[in-house]
Amino acid sequence: MDPWESVVGFATIWTAHIGRRYGIFRAMGELNRPVSGAELAGATKLNPEAVRLWCNAAVKLGIIGRRGGRYYLPRRVRSMLLDERNPAYVGGMHSYLALRSLDFHLLDGFFRSEGKTRHRARHLTEAFGEATRWDHLTFFERVVPRVKGLERMLDGAAMALDLGCGTGGWALELCRRYPNVAAVGVDLDRRAIAEARRRAKEAGLSGRVRFVVAPGESLDLEVEFDLVYLGEVLCVASDRLGVLRAAHRALKPEGLAVVAEGLSDSTGNLSHDQLLTFLALDYALQGGSMLSVRELSSLLARAGFRKNEFVHTGGGLWFAVARKARSSAPRTSPD
């Protein structure tokens with residue numbers, strides 16, 4: 001590995017994140033033509049000098065193009081960093097990695113002691129929200145059409161539970177897409193729940209989606225759900241089996257649980273494998289660890305689920321779709 005390439009890689013991550021965070025990519029996309037730095041600064045209401053310096057860096061790093069003193073978004077960059085509905089979109093991971101790096105001072109405690117860090121990762125909630133946008137799109141565009149009966153369920157008056165909802169992205173997108181669905185989102189993070197409630201109100205969805213602060217493994221909402229979604233929750237859960245058993249209890253007979261996780265099984269793509277190996281360290285900093293397909297399949301069976309189906313959607317992201325039998329109970333094997 002060329003050591004300078006590794007440094008440039010870090011600079012690329014941060015330059016892409018800045019372009020997303022301050023709306024520079026969005027402004028370039030909306031203007032949809034080569035623009036000057038001054039025009040970009042005016043459109044974004046940002047400091048012109050900061051925009052000029054960012055543009056120079058972004059050109060040198062190959063993120064944007066320059067022609068005759070004006071800047072433009074190459075088509076591949078538009079797909080990767082701006083178009084959140086495109087399967088090639090990876091902008092959320094750029095922002096996730098940049099935001100997580102702001103909390104990496106906590107690694108000092110992790111490496112120097114055997115205990116978990118006592119300090120809160122301040123940027124984790126925002127980072128998680130950025131990273132999971134692609135997960136949500138992939139679920140709706142690629143998983144829903146593939147799973148038998150799921151589209152029909154969502155077109156009806158279904159009840160859905162987002163277990164470990166963060167700032168509510170999946171539940172809100174579900175209710176936007178399916179007007180007959182109602183949803184409940186649950187998370188331990190009070191700040192994330194407050195943000196989810198704000199977003200629901202802003203979207204006019206407060207009447208159909210409710211957000212609750214509660215631990216997933218001891219959840220008891222006295223409601224039976226048609227669908228439970230767990231988006232990258234198990235990798236950092238302290239009681240994985242308890243969380244899955246809570247999901248099982250919450251479902252109606254024949255209800256579905258959908259588990260989205262980056263799983264450690266080799267996908268044959270070197271870049272994906274490299275990223276997942278690094279994320280294993282990130283998960284450990286959060287007190288968790290990465291699962292394999294076999295481990296997740298075993299956990300689902302022990303929690304009482306049957307007819308498990310695994311869908312790999314690229315980038316190391318897997319969706320496990322499991323069904324609650326009409327009459328089933330979790331296996332009693334020891335934990």
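The values are calculated or read from the model by the stated rules, or taken from the named source; none is laboratory data. Just so you know, these numbers come straight off a predicted model, no measurement behind them. Cβ atoms come from the backbone with ideal geometry, glycine included; neighbour counts cover every protein chain shown.
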Would you mention how many residues in the stretch 35-78 are touching a residue at least 24 places away in the same chain (Cβ under 8 Å) and basic (Lys, Arg)? 3
Checking Ile64 against (1) loosely packed, with under 14 Cβ neighbours inside 10 Å; (2) at pLDDT 95 or above, which test does it fail? (1)
For the stretch 186-200, which positions are surrounded by fewer than 18 Cβ atoms within 10 Å (Cβ to Cβ) and touching a residue at least 60 places away in the same chain (Cβ under 8 Å)? Arg191
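Each row is one residue, and each column tells you yes or no for (1) crowded, with 17+ Cβ neighbours inside 10 Å; (2) within 29 Å of Ser101 (Cα to Cα); (3) touching a Ser or Thr at 6+ places or on another chain (Cβ under 7 Å).
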{"residue": "Leu279", "(1), (2), (3)": "yes, yes, no"}
{"residue": "Ser289", "(1), (2), (3)": "no, yes, no"}
{"residue": "Arg294", "(1), (2), (3)": "no, no, no"}
{"residue": "Glu309", "(1), (2), (3)": "no, no, no"}
{"residue": "Gly315", "(1), (2), (3)": "yes, yes, no"}
Which residues, taken from the stretch 23-62, are closer than 20 Å to Arg76 by Cα and not in a helix (DSSP H, G or I)? Gly23, Asn32, Arg33, Pro34, Val35, Leu61, Gly62
Somewhere in the stretch 153-171, is a residue touching a Gly at 6+ places or on another chain (Cβ under 7 Å), assigned to a strand (DSSP E or B), hydrophobic (A, V, I, L, M, F, W, C) and in the same structural domain as Gln286 (by TED's automatic domain parsing)? yes
Can Val258 be described as crowded, with 18+ Cβ neighbours inside 10 Å, more than 25 Å from Asp282 (Cβ to Cβ), at pLDDT 95 or above and β-branched (Val, Ile, Thr)? no
Check the stretch 122-142 and report whether any residue there is surrounded by 13 or more Cβ atoms within 10 Å (Cβ to Cβ), more than 30 Å from Glu254 (Cα to Cα) and β-branched (Val, Ile, Thr). yes
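Can you find even one residue in the stretch 185-201 that is assigned to a helix (DSSP H, G or I) and farther than 18 Å from Gly129 by Cβ? Give the steps one after another, and end with the answer.
Initially, the stretch 185-201 is screened for residues assigned to a helix (DSSP H, G or I), giving 190-201.
Now drop any that are not farther than 18 Å from Gly129 by Cβ, which leaves none.
Within the stretch 185-201, not a single residue is assigned to a helix (DSSP H, G or I) and farther than 18 Å from Gly129 by Cβ.
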Being of a type in the set (S, T, N, Q) and under 23 Å from the mean Cα position of the chain (by Cα) narrows it down to one residue among Ser113, Ser101, Ser36; which is it? Ser101
Assess whether Leu53 counts as being at pLDDT 90 or above and touching a strand residue (DSSP E or B) at 6+ places or on another chain (Cβ under 7 Å). no
Of the residues in the stretch 1-27 that are without any contact (Cβ under 8 Å) to a residue 24 or more places away in the chain and buried (at least 16 other Cβ atoms within 10 Å of the Cβ), the one that is farthest from the chain's Cα centre (by Cα) is Ala27
All-but-one check, Asn56 against (1) of a type in the set (S, T, N, Q); (2) under 24 Å from Arg100 (Cα atoms); (3) surrounded by 13 or more Cβ atoms within 10 Å (Cβ to Cβ), failing number (2)
Looking only at the stretch 91-116, and only at residues there that are in a loop (DSSP other than H, G, I, E, B) and at pLDDT 85 or above, the one that is nearest to Gly287 (Cα to Cα): Asp103
Just wondering, is there one or more residues in the stretch 262-277 that are modelled with pLDDT of 85 or more, part of a strand (DSSP E or B), within 30 Å of Leu97 (Cβ to Cβ) and of a type outside the set (Ser, Thr, Tyr)? yes
